[in-house]
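Report on one structure; see the data block that follows.
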Amino acid sequence: IIMMLVCLINKLIVYKNSVKNLDVLKIFHYRRRVSYKMKYFKDIPEVKYEGPHSDNPFAFKYYNPDEVIDGKPLKDHLRFAIAYWHTFCATGSDPFGQPAINRPWDRFSSPMDNAKARVEAAFEFFEKLNVPFFCFHDRDIAPEGENLRETNKNLDEIVSMIKEYLKTSKTKVLWGTANLFSHPRYVHGAATSCNADVFAYAAAQVKKALEVTKELGGENYVFWGGREGYETLLNTDMELELDNLARFLHMAVDYAKEIGFDGQFLIEPKPKEPTKHQYDFDAAHVYGFLKKYDLDKYFKLNIEVNHATLAGHDFHHELRFARINNMLGSIDANMGDLLLGWDTDQFPTDVRLTTLAMYEVIKAGGFDKGGLNFDAKVRRGSFELEDLVIGHIAGMDAFAKGFKIAYKLVKDGVFDKFIEERYRSYKEGIGAKIVSGQADFKTLEEYALNLSKIENKSGKQELLEMILNKYMFSE
């Protein structure tokens with residue numbers, strides 16, 4: 001077989017000048033590689049549930065995907081997803097250092113060959129962890145070409161390869177999106193750019209990304225305004241930029257209807273970084289924007305932990321706001337370092353954080369089309385392949401543990417009972433009139449003038465935090 005391959009290669013070399021389409025060589029190279037494709041994670045066993053007493057770093061301690069809670073397996077409650085960009089594209093570079101992580105799937109000189117190798121590595125990784133979903137940007141899975149036509153051709157080739165893997169894989173697409181922030185053309189933004197040509201290019205890119213997400217069976221499509229904001233108002237027409245952003249999103253809604261994409265549209269809030277101020281600052285800002293431009297019926301929110309921190313909010317604050325406004329769609333699961341002022345995208349290992357997050361998800365009725373996407377990356381110094389696997393195991397265990405604690409809290413109604421009692425004054429008397437709309441300033445003044453004494457009761461914060469700890473420690 002080896003001799004036959006050598007002969008074939010020699011013939012191709014001899015006659016290469018007479019071969020008009022040199023893609024034959026590329027196709028042969030790729031097929032040869034696929035036939036003997038590398039097992040990137042061959043030294044890492046398939047990750048399975050072994051229980052909380054296991055010392056095996058490659059085993060789940062709290063995440064048992066088949067454990068049934070409230071009539072549904074845990075894997076369907078949590079709907080874990082792998083972030084393609086951090087997991088398979090991250091190099092460990094930061095503002096102060098060059099790439100420190102060299103992955104075995106980035107060993108080729110051709111960007112397209114590297115892209116194909118990443119697909120192989122990705123689906124092997126998905127199988128090791130038995131995750132139900134993954135998420136991607138268009139430029140994560142396929143490189144840019146010399147122009148948009150060539151870029152779309154690259155994307156189509158990789159999408160065809162992914163589709164082949166999806167036929168036999170248990171892992172599906174949770175959501176897709178377009179990278180409208182990395183390329184220099186987006187230096188002034190995309191949908192909010194001062195340059196109409198950039199707006200047009202971004203629209204074409206999202207059009208293609210929507211088509212690809214639909215083709216791959218994605219259940220959602222995410223918009224993250226990485227550079228949809230400003231550095232200074234001295235050169236910014238804020239009104240025009242916000243109006244254009246709304247026009248852009250309406251175009252996306254219209255095109256999704258045209259092609260029959262029935263996935264959920266999501267917007268991911270973030271206050272800053274890379275811009276000084278981004279228009280999708282937090283959940284409340286996004287909700288107000290969507291309401292103003294009549295977009296709220298088409299969009300929900302994809303809440304990220306670290307973005308909430310940067311906005312000066314607790315994660316569960318953002319989730320609570322989204323929940324009570326029926327806007328909670330999905331979650332990007334990570335966490336930040338509270339001593340650092342930037343988006344560190346660390347794997348979530350804080351069980352208090354995951355408990356309070358899953359409390360809101362359960363109260364919202366669980367995920368519909370959304371899920372928990374690990375928008376998290378290993379630290380720069382954690383450059384071995386096993387670190388990549390262990391990071392995901394730690395995050396999945398933390399959310400599984402948090403879900404189980406939150407489920408008991410919701411079932412026992414601990415906080416609900418306290419809150420109901422705390423606001424009992426609005427169930428009767430003057431409070432009931434306020435809530436029902438029967439009161440006005442005149443009637444309230446008349447009532448207040450006759451009050452002899454106002455008595456408040458303790459908020460019992462310390463007691464409630466003690467109760468939370470009791471549930472966390474006893475689970």
Which stretch or stretches of the stretch 257-277 have amide N atoms under 17 Å from the point lying 7 Å from Ser182's Cα along the Cα→Cβ direction? 274
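At 4 °C and 1.567 mPa s, what whole-number value in µm²/s does Stokes-Einstein give for the translational diffusion of the stretch 213-256, with Rh from the Kirkwood sum over Cα pairs? Mind dumping the intermediate values first?
Numbers: Rh = 12.5 Å.
The Stokes-Einstein estimate is 103 µm²/s.
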List the relative contact order of the chain as a percent without decimals, with contacts defined as Cα pairs under 8 Å and 6+ residues apart. 13
Given the protein chains as shown and a 1.4 Å probe, how many square angstrom of Lys411 are accessible, to the nearest 10? 150
Obtain the nm distance between the two label points defined at Ile467 and Glu428 by a simple spin-label model: each point lies 7 Å from its Cα along the Cα-to-C-beta direction. 2.1
Calculated FRET efficiency, Ala284 and Ser160, Cβ-Cβ r, R0 30 Å, to nearest 0.05? 0.10
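Please go through the stretch 43-148 and write out the trypsin sites (Lys or Arg not before Pro) that DSSP classes as loop and that have at most 16 other C-beta atoms within 10 Å. Write down the numbers at each step before the final one.
Numbers: sites: Lys48, Lys61, Lys75, Arg79, Arg107, Lys116, Arg118, Lys128, Arg139; in loops: Lys61, Arg79, Arg107.
Of the trypsin sites (Lys or Arg not before Pro), the ones in loops of the stretch 43-148 whose Cβ has at most 16 other Cβ atoms within 10 Å are Arg107.
So between Leu338 and Val435, what do we pick up on full extension, going 0.36 nm a residue minus the alpha carbon distance? Could you put the intermediate results ahead of the total?
Working: separation 97, 0.36 × 97 = 34.92 nm, distance 3.90 nm.
Between Leu338 and Val435, full extension yields 31.0 nm more.
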Stokes-Einstein D in µm²/s, Kirkwood radius over Cα pairs - the stretch 146-196 at 10 °C with 1.306 mPa s viscosity: 117
From the list (1) 135; (2) 202; (3) 447, can you say which value of volume of the Cα convex hull per residue in Å³ was derived from the structure given? (2)
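Want the number for Lys460 to Lys42: 0.36 nm per residue separation, take away the alpha-carbon distance, what's left?
Details: separation 418, 0.36 × 418 = 150.48 nm, distance 5.32 nm.
Additional length available on full extension: 145.2 nm.
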Just to be sure I understand the model, the point goes 7 Å from the Cα along the line to the Cβ. What's the resulting Asn325 to Lys272 distance in nm? 2.2
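For a quick check of your reading of the filter: which GluC sites (Glu not before Pro) in the stretch 321-390 sit in a DSSP loop and have no more than 13 other Cβ atoms within 10 Å? Each step should come with its number before you reach the end.
Numbers: sites: Glu360, Glu384, Glu386; in loops: Glu384.
Those satisfying the criteria are Glu384.
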Loop-only GluC sites (Glu not before Pro) in the stretch 109-199, please: DSSP not H, G, I, E or B, and at most 13 other Cβ atoms within 10 Å. Glu146
At a temperature of 4 °C and a viscosity of 1.567 mPa s, determine how fast the stretch 104-218 diffuses translationally according to Stokes-Einstein, using the Kirkwood radius over alpha-carbon pairs as Rh; express D in µm²/s, rounded to the nearest whole number. 87
Peptides ranked, highest mean first, by Cβ atoms within 10 Å: ranges 178-184, 416-422: 178-184, 416-422
How much length is gained on full extension from Thr349 to Val68, taking 0.36 nm per residue of separation minus their Cα-Cα distance? 98.9 nm
Compute the separation of the alpha-carbon centres of the stretch 98-140 and the stretch 150-175 and state it in Å as a whole number. 12
Summing -39500 (n - 2.57) over every DSSP H run of at least 4 in the chain, dividing by its residue total and rounding to the nearest 500, the 222 nm mean residue ellipticity is -15000 deg cm²/dmol
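The values are calculated or read from the model by the stated rules, or taken from the named source; none is laboratory data. None of these values were measured; they are calculated from a predicted model. Note that each Cβ is placed from the backbone with ideal geometry, even for glycine, and that neighbours are counted across all protein chains shown. Protein only, heavy atoms only, side chains kept; ligands, DNA and RNA dropped before computing areas. Shrake-Rupley method; radii C 1.70, N 1.55, O 1.52, S 1.80 Å.
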